[in-house]
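The values are calculated or read from the model by the stated rules, or taken from the named source; none is laboratory data. Predicted model only: the values in this text are computed from it and were never measured. Here Cβ is always computed from backbone atoms with ideal geometry, including for glycine, and neighbour counts include all displayed protein chains. SASA here: full protein model, heavy atoms, side chains in, ligands and nucleic acids out. Shrake-Rupley method; radii C 1.70, N 1.55, O 1.52, S 1.80 Å.
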Amino acid sequence: MPIEVQRVQDSAGFPTKVDVVVVGAGIVGSSTAYELARKGRSVALFEKGMVAGEQSGRNWGWVRQQNRDLHELPLAGYSLKRWGELNAEIGTDLGFRRAGCFYPTRDPAELARWETWSQKAREYGFTNETLSASQTRERMKGSTSPWVGAIWSPTDGKAEPSLAAPAIATGAKALGAHLHQNCAVRGLDIANGQVKGVWTERGLVQADAVVLAGGAWSSRFLRRHGVDLPVANIEGTALRTTAAPEIVEAGCVSGAGYALRRRLDGGYTVAVPGHGIVNLAPQGIRYATKFREMMRAKIAKKLKYRVSSRFWNGPDAWGGWDFDKMSPFERIRVMDPTPDQSLVDEAIRNLVADFPALKGIGVAAAWAGLIDTSPDLVPVIDTTDVIRGLTIATGFSGHGFALGPGAGRLASELAMNEKPFVDLHAFRITRFSDGSAIRRPEMM
């Protein structure tokens, strides 16, 4: 496995009963368990593989508010605040640095769209700066691109995916949470429409509330219980470079055919924005009509489609299972797709073309991960009338790392029947069935 994630030790004893079970120890699940433990609740965090083994350890490491869906801004703003507090609170470095987020462009129309977004974002309390062509060129010294302007958010930040979720899970353990890896939750124990616990591969654990934060696996898990969650799992490819000089005074940059983050090890995490692979499988076919708007948008032109073994196995496959027998979650402990070498080559090629001083920079490692993507690119953080006591926190569409701390608080509030600290309307699961899913201008 090309990613290197900080390992976390399991708890010593295995619980038989807790207040809340959290399924999935990525950034959202770990944050949920941490917030519940802070409230003094007994909580068990189960992970079929290892903490941050899938997308939470494979993402770009951006912690941004800028240029995201306006409906997410209250959650993003709170999350950024929590990112700034967690290092000291947990006593472990998550790699968070408030190093800024920079979007230069060569397209005047794109800059105008960003300025419009920025004006609307001010209504949510977020402010950034619009830079002129000369200001942009000054910040991008050494770049060969004819920049016409940029937007710059000095308050945004970055963190290390290899450190963050493991640190938060460790923090939850320190507050009394149970953590068990290589222990899949096979399904829910339900009586009269109410959650009573979960069936794990090690037996039944009783609980009155369950939070599902299973990322790419969530839709298949829910479908086994009669809950529809339309999701497309998109394979994204990223890489880390060898050590290289700093080229921009910004933690994160979305440039000319590349996105980069300066890493603590002196290299860069680099990717080609928006590009990925969709593996054609029964789940995707079932929910294809929900993604019509996305398929008409520019994003569809950046995707490749193929048929792979995931048609029969994995998070996109079909079929049921018994809770006293091996589940699909045990057959694939960690989803570790093969990176798209053409995207690795393109990312380096685009980066070096823009910054010739980086000629000769090497690829230290490349990896791929599954991005659980909703039809409107906004996550689902909600309860469901189908199963009382179940909270769903998934479909983060590549935004989950930055939103993790806020999503964890929100999911913990829903699990405890507390008043949510942000408006839930945009995050409702029913928006995909009642016709109220968000439609963006670029999807029309």
Cβ crowding within 10 Å averaged over residues, with 206-218, 12-24 ranked highest first: 206-218, 12-24
For the range 140-180: span of alpha carbons on each principal axis (Å, largest first): 54, 18, 13
Tail beyond 18 Å, pair distance distribution of the range 151-285 (Cα, percent): 71 percent
C-alpha center-to-center spacing [the range 241-260, the range 149-183] in angstrom: 22 Å
For Met1, solvent-accessible area (1.4 Å; no DNA, RNA or ligand), Å²: 100 Å²
Relative frequency of Cα-Cα separations exceeding 14 Å in the range 385-426, percent: 52 percent
Neighbourhood net charge (9 Å Cβ-Cβ; Lys/Arg +1, Asp/Glu -1) for Ala216: -2
Mean Cβ count within 10 Å, highest first, over the residues of peptides 376-383, 57-64: 57-64, 376-383
Radius 10 Å from Cβ of Asp19, net charge of other residues (Lys, Arg +1; Asp, Glu -1): +2
Mean projected area in nm² (Cα convex hull; one quarter of hull surface) for the range 277-363: 8.1 nm²
Separation of alpha-carbon centers, the range 212-227 and the range 1-32, rounded to whole Å: 17 Å
Acute angle (nearest 10 degrees) that the helix 400-415 long axis makes with the longest principal axis of the chain, alpha-carbon atoms: 30 degrees
Given Lys120/Lys141; Lys39/Lys419; Lys302/Lys359; Lys158/Lys359; Lys81/Lys158, the pairs whose alpha carbons are separated by over 19 Å: Lys120/Lys141; Lys302/Lys359; Lys158/Lys359
DSSP-assigned coil residues among GluC sites (Glu not before Pro) in the range 341-444, each with at most 14 further Cβ atoms within 10 Å: Glu418
Radius ratio Rg over Rh of the range 1-141, counting only Cα atoms, Kirkwood formula for Rh: 1.07
Span from the the range 398-421 Cα centroid across to the the range 312-385 one, whole angstrom: 23 Å
Residue with peak Gaussian network fluctuation, the chain [Cα springs, cutoff 10 Å], from Pro146, Pro161, Pro273: Pro146
Using alpha-carbon coordinates, inclination of helix 27-38 to the longest axis of the chain, degrees: 60 degrees
Peptides ranked, highest mean first, by Cβ atoms within 10 Å: ranges 71-84, 167-180: 167-180, 71-84
Per residue, in Å², the accessible surface of the range 203-331 once ligands and nucleic acids are set aside, probe 1.4 Å: 41 Å²
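Below 10 angstrom from the Cβ of Ile277, what's the summed charge of the other residues (Lys, Arg +1; Asp, Glu -1)?
0
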